[in-house]
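The values are calculated or read from the model by the stated rules, or taken from the named source; none is laboratory data. Worth saying up front: this structure is predicted, and the values here are computed from it rather than measured. When we count neighbours, we look across all protein chains shown, and the Cβ atoms used for this are built from the backbone with ideal geometry, even at glycine. What goes into the accessible areas is simple: the full protein's heavy atoms, side chains included, and nothing from ligands, DNA or RNA. Shrake-Rupley method; radii C 1.70, N 1.55, O 1.52, S 1.80 Å.
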Amino acid sequence: MEKAISTMRFYEEQMRIWDPLNECMGREELAMLQFTRLRDTLNRAYRNVPCYQNKFRSLGLVPEDIKGLSDLPLIPFTTKEDLRLNYPYGMFAVPLREVVRIHSSSGTTGKPTVVGYTRHDLNTWSELVARFMTAAGVTEDDIVHIAFGYGLFTGAFGLHYGAERIGASVIPMSSGNTDKQLMIMQDYRSTAVVCTPSYAMTMADRMEKLGIDPASLALKVGLFGAEPWSEEMRREIEQRLGIIATDNYGLSEVMGPGIAGECLHRCGMHIFEDHFIAEIIDPETGEVLPSGATGELVLTSITKEAFPMLRYRTRDITRLDYTPCACGRTHVRMKKTMGRSDDMLIIKGVNVFPTQIEEVLFQVEGCEPHYQLVIEREGTMDTLEVQVEVNEAIFFDEMKKQRAFVDLLEKRLFSALGVGARVKLVEPSSMPRHEGKAKRVIDRRHL
Amino acid sequence: MKVEQISIFIENKSGRLAEVTHVLGTAGVNIRALSLADTSDFGILRLIVDKTDQAKSALKAGGFTVSKTEVVAVEVPDRPLGLYGILEVLDRGKVNVEYMYAFVERCGGNAVIIFRFDNPEEAIRVLTANGVGVLAGERVYSM
Ligand SMILES: [Zn+2]
């Protein structure tokens, strides 16, 4: 009985909502709020950002033409290329004197993208991070261990200010030095950890090596983001670290973490729609897709002062779910991102992402996902070959077992992709690796 | 009574088999028996060598995927129905043979066959109980 009461109390605690007024707003009221805010943002962006003004003018459009949310598709897209062309401050909608913080996106290809925040923007950012941290069960009693790198990258500061807003105790660990991370975790009794999902795996590996029992730590929840990860990986992290692993979503260009985050029902990340309008488009045609369709996520910020984003093409492929969530929040949920629209392959007319293949390989125990996809066209038919590097865990001395393994992979790939793939086992290290990153796709169809 | 065998994954492309023998030769390893099972894509090369551990580490260093398994070396009378007699013993003992191949050397008047069983202990028990000669590892490596 006592146990039942404490469990109940635990759930009540965990199911807190940071800002119920806004997070549980009726959808009609939300739409009205969105439009008012969109109109203000449009006016400011049009007035202060030449890039937006030029885009509108070239279409013969003025902000007044947007008379309702349904006119949103009239607004031209903003792309990474626009940000690059206006580097460093060209997209800012306020004078630099009003900007109190500057961050940037990673800039893996060429120059990074510079983004700015006014004092009001920082306040909004902290509030939104506080929302998803609360949704993941973090409270003022928690000790939040932040293992994102502090610097230009938005991750660490975003989570830091959000955790402080909740009133939690923040340990600004920054990234790297895993042994030290684990020591601090043990000594300071960290209860929540913030990092990338892959770093969580690195920590779990190291703990195993050092013989640290996860049960001896005080950790109970992990807030993971900044890279796509699979449900398989979630299960593995949860099991190996003995925590609840939650997902959150953000893009430096749009704000950083705090665009969307999971509640404890973990059925998609609630997008904080009172600050961002989300659309799903066909990445090929740019057409807005009907509710529930899978496609590229497009985001419009409707409260940001320094760096407003109008219909920003995120390149992330996902799906939106408008069905009500058991947590009481009314905001739409986005599924884990399936990949990037720039990585998407169309094989026999079916959309295929390398990450889907990675997930299948990951599920097969011991199979490190060193793989390569080779797509060819025989006549008018596309063929997909998945080359998987053999390692000791998936090498069997008996031919029938080795064949059965190939058959299993082929069956799993077919059910995951919806298109047949031939699996070819290859010797280790037979795939070229460039700067540590393997080239995953060889498409010979257009040669 | 068991014999150590190494198995190597090789892609079916020219030169790989030669590469394996080159790696072994350079490491001073002598091959006693071998068998190659292959499909159109890949093959599994199985070897009995004089220095198993040395062979394994040399191949691993050469980038090959290698595993070690235990097999049983059986003396087979070198006459008609010699092999039949042994297979018949195994069959009666309900011992399942995964695969088998012949040894290169002869042992006195007998040929030597390598067997891979899913239950080697049981197989050895059945064979010896029926008077079939099973060779020890040390004997095989130095033949
Ligand atoms: Zn929810």
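Computed values, structure above
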{"read-out": "Hits in region A:248-275 - residues which are buried (at least 24 other Cβ atoms within 10 Å of the Cβ) and more than 30 Å from A:PHE92 (Cβ to Cβ)", "value": "A:GLU262, A:CYS263"}
{"read-out": "Output for region B:22-36, where each listed residue is surrounded by 15 or more Cβ atoms within 10 Å (Cβ to Cβ), over 16 Å from the mean Cα position of the chain (by Cα) and more than 14 Å from every other protein chain (Cβ to nearest Cβ)", "value": "B:LEU24, B:ALA27"}
{"read-out": "Criterion (within 29 Å of A:THR380 (Cα to Cα), among the aliphatic types (A, V, I, L, M) and away from the ligand (no atom under 14 Å from the Cβ)) met by exactly one of A:ILE281, A:ILE259, A:ILE302, A:ILE277", "value": "A:ILE281"}
{"read-out": "Residue under evaluation A:PHE395, criteria (1) within 14 Å of another protein chain (Cβ to nearest Cβ); (2) open to solvent by 50 Å² or more (accessible area, probe 1.4 Å); (3) at pLDDT 90 or above, criterion not met", "value": "(2)"}
{"read-out": "Selection count where residues are touching a strand residue (DSSP E or B) at 6+ places or on another chain (Cβ under 9 Å), under 18 Å from A:SER198 (Cα atoms) and aromatic (Phe, Trp, Tyr), scope region A:130-164", "value": "2"}
{"read-out": "Identity of the residue in region A:246-256, away from the ligand (no atom under 16 Å from the Cβ) and in a strand (DSSP E or B), that ends up farthest from the other protein chains (Cβ to nearest Cβ)", "value": "A:GLY256"}
{"read-out": "Qualifying residue in region A:342-365 (condition: over 30 Å from A:PRO73 (Cα atoms), modelled with pLDDT of 90 or more and of a type in the set (D, E, K, R))", "value": "no"}
{"read-out": "Members of region B:42-62 found to be open to solvent by less than 60 Å² (accessible area, probe 1.4 Å) and within 28 Å of B:GLY133 (Cβ to Cβ), listed by number", "value": "B:ILE44, B:LEU45, B:ARG46, B:LEU47, B:ILE48, B:VAL49, B:ASP50, B:THR52, B:ALA55, B:LYS56"}
{"read-out": "Per-region count, region A:335-357, residues more than 16 Å from the ligand (Cβ to nearest atom) and within 17 Å of the chain's Cα centre (by Cα)", "value": "12"}
{"read-out": "Of the criteria (1) more than 9 Å from every other protein chain (Cβ to nearest Cβ); (2) among the charged types (D, E, K, R); (3) under 21 Å from A:VAL426 (Cα atoms), which one B:GLU11 fails", "value": "(1)"}
{"read-out": "Members of region A:325-358 found to be under 28 Å from A:GLU28 (Cα atoms), touching a strand residue (DSSP E or B) at 6+ places or on another chain (Cβ under 7 Å) and either in a loop (DSSP other than H, G, I, E, B) or aromatic (Phe, Trp, Tyr) (or both), listed by number", "value": "A:CYS325, A:ARG329, A:HIS331, A:VAL332, A:LYS335, A:LYS336, A:THR337"}
{"read-out": "Selection status of B:ILE124, away from chain A (no Cβ under 14 Å) and either open to solvent by 20 Å² or more (accessible area, probe 1.4 Å) or in contact (Cβ under 8 Å) with a residue 40 or more places away in the chain (or both)", "value": "yes"}
{"read-out": "Residue within region B:89-98 that is within 14 Å of chain A (Cβ to nearest Cβ) and not charged (D, E, K, R) present", "value": "yes"}
{"read-out": "Cβ pairs under 9 Å, 6+ apart, first in region A:115-129 and without any contact (Cβ under 8 Å) to a residue 24 or more places away in the chain, second aliphatic (A, V, I, L, M)", "value": "A:ARG119/A:VAL100"}
{"read-out": "Residue that is farthest from the ligand (Cβ to nearest atom) [pool: residues in region A:306-334 that are open to solvent by 60 Å² or more (accessible area, probe 1.4 Å) and in contact (Cβ under 8 Å) with a residue 12 or more places away in the chain]", "value": "A:ARG315"}
{"read-out": "Count of residues meeting criterion [on the phi > 0 side of the Ramachandran plot and of a type in the set (A, V, I, L, M)] in region A:217-254", "value": "1"}
{"read-out": "Residue among B:THR65, B:THR39, B:THR69 that alone is within 14 Å of chain A (Cβ to nearest Cβ), out of contact with any strand residue (DSSP E or B) (no Cβ under 8 Å at 6 or more places or on another chain), closer than 20 Å to A:GLU398 by Cβ and surrounded by 13 or more Cβ atoms within 10 Å (Cβ to Cβ)", "value": "B:THR39"}
{"read-out": "In region B:88-109, residue least open to solvent (accessible area, probe 1.4 Å) [restricted to those that are under 19 Å from the mean Cα position of the chain (by Cα) and over 26 Å from B:SER142 (Cα atoms)]", "value": "B:LEU90"}
{"read-out": "Scope region A:185-200; condition assigned to a helix (DSSP H, G or I) and surrounded by fewer than 17 Cβ atoms within 10 Å (Cβ to Cβ); matching residues", "value": "A:GLN186, A:ASP187, A:TYR188, A:SER198"}
{"read-out": "Check on A:VAL423, of a type outside the set (Ser, Thr, Tyr), assigned to a strand (DSSP E or B), free of Cβ contacts under 8 Å to residues at least 40 places away in the same chain and within 10 Å of chain B (Cβ to nearest Cβ)", "value": "yes"}
{"read-out": "Number of the condition not met by A:ILE277 [criteria: (1) closer than 21 Å to A:ASP121 by Cα; (2) out of contact with any Leu (no Cβ under 7 Å at 6 or more places or on another chain)]", "value": "(2)"}
{"read-out": "Subset tally (residues that are more than 14 Å from chain B (Cβ to nearest Cβ), touching a strand residue (DSSP E or B) at 6+ places or on another chain (Cβ under 8 Å) and among the charged types (D, E, K, R)) for region A:369-392", "value": "3"}
